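Following: one structure in structure tokens, then a few remarks.
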Amino acid sequence: MTAHTGKARLVLIGTGGTIAGRGGSAVNTSAYDCSVLGIDEILTGLPAAAEIADIRTEQLFQIGSENFGTAHLLQLGKRVAALLQRDDVDGVVITHGTDTLDETAYFLHLTLKSAKPVVVVGAMRPPSALSSDGPLNLYHAIVVAASRDAHGKGTLVVANDEIHTARDVVKTNTFKQEAFRSPYGPLGYIVEGVPRFYRLAARRHTVQTEWSIAEIHDLPEVGIVYAHGGMTDHGVRAMLDTGVRAIVYAATGNGNVAASVVAALRDARSRAVHVVRASRTGGGVVIRNAAQPDDRYDWLAADDHVPHKARILTMLALTGACDADALQRAFLTY
Ligand code: DGL
């Protein structure tokens with residue numbers, strides 16, 4: 001990096017998504033090409049950013065986030081960790097497709113070992129669209145990453161004037177700009193270019209977790225089976241044949257499991273595959289031994305983790321002690 005100007009020194013990592021998209025016309029807010037603008041092009045459209053921070057860019061991927069796999073998480077995490085170790089980097093902003101943005105952010109939240117700000121940001125409308133949220137979301141992400149107030153708060157997601165903790169935030173809408181929501185509300189807002197924090201995430205993250213991205217070289221495969229009325233055991237049995245190490249069961253309601261699926265999930269345990277009961281409702285908690293006898297079946301309850309976040313946490317927990325007690329503890333700790 002060049003001589004220190006006194007501004008925060010940030011690295012902006014591009015990975016693709018709608019924030020890097022381009023439509024055929026300004027009225028294409030939902031139909032457009034994704035992941036076509038390079039990170040330098042995106043930043044060029046935002047001259048105000050240079051007043052906030054000295055920004056270096058890196059194009060790590062150029063993909064829709066629905067294509068993010070384990071290898072992408074590991075590569076991104078390791079690159080961010082290496083950047084955060086440098087004395088000339090004060091924070092990192094990652095542009096990302098919104099589809100799995102909440103999963104990537106949660107993975108970083110649990111595995112980075114630094115108090116420096118890391119902000120993941122996307123857009124629901126491409127920069128070419130009328131009223132695109134991309135430029136302002138990105139400006140806000142840069143403002144947050146450059147702020148001393150963002151230190152020690154874990155990985156953050158910025159969208160729609162709000163600052164969310166990666167633990168809680170979920171994409172909840174297919175096309176509207178206010179797609180990102182946290183069940184307990186955002187940590188704060190960005191108002192007139194200034195971050196205002198009002199609360200903290202209570203659960204452990206970053207430097208307080210048992211996982212370090214530097215020591216993770218692979219992640220076990222964990223699948224999700226989505227429950228519905230008229231449920232059969234076909235999905236669980238098919239997944240068992242894939243060699244997964246755990247199945248997150250996106251159960252109905254507060255973690256109910258249809259009688260037609262219980263035997264298959266008990267077979268999973270006899271094959272050393274862990275069973276995590278989460279809820280497809282998107283809110284509330286799944287309580288151990290309430291809707292199902294977890295102690296008897298040796299199953300796990302996901303607490304308030306939505307199924308796709310429960311999957312990230314299960315993959316990480318399986319890199320350490322793999323007994324059910326350790327896994328259950330993880331759901332109640334993180
Ligand atoms: N292809 C989707 C993704 O990258 C586009 C969605 C978006 O970025 O808003 O997640």
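Quick notes on this one:
- 5 angstrom amide H check on A159, placed H, neighbours 5+ away: H164
- When only Cα pairs below 8 angstrom with a gap of at least 6 residues are kept, the chain shows a relative contact order of 14 percent.
- Ellipsoid semi-axes for the chain, based on the Cα gyration tensor and the rule √(5λ), read 36, 21, 17 Å when sorted largest first.
- Backbone geometry of the stretch 85-92 corresponds, through the Karplus equation with coefficients 6.51, -1.76 and 1.60 at θ = phi - 60°, to 3J(HN,Hα) couplings of 6, 7, 5, 9, 10, 9, x, 10 Hz, x marking Gly and Pro.
- For the stretch 107-259, with +1 on Lys and Arg beta carbons and -1 on Asp and Glu, the positive-most of V143, F180, P127 along the dipole: V143
- Cα centroid of the stretch 1-32 to Cα centroid of the stretch 49-81, whole Å: 11
- Across the stretch 170-272, the mean sequence separation of Cα contacts (distance under 8 Å, 6 or more residues apart), normalised by length, yields a relative contact order of 18 percent.
- Under the span-like rule (Cα at least 20 Å along the axis, Kyte-Doolittle mean at least -0.5), DSSP H helices of the chain: 70-84
- Enclosed volume per residue, in Å³, of the convex hull spanned by Cα atoms of the stretch 11-52: 79
- For the pair D87 and N254, a Förster radius of 45 Å applied to the C-beta separation gives a FRET efficiency near 0.40, rounded to the nearest 0.05.
- Proximal lysines to K176, defined as alpha-carbon separation beneath 24 angstrom and excluding residues fewer than eight positions away on the same chain: K309
- Among the listed pairs K113/K171; K78/K116; K7/K116, those whose Cα-Cα separation exceeds 19 Å are K113/K171.
- Our note on the geometry: Cα centres of the stretch 212-241 and the stretch 259-334, 11 Å apart.
Taken together, the values in this text are just the output of simple stated rules run on the coordinates, not laboratory data. Computed from a predicted structure; not experimentally measured. Quick reminder, even Gly has a Cβ in these numbers, built from the backbone with ideal geometry, and neighbours come from all protein chains shown.
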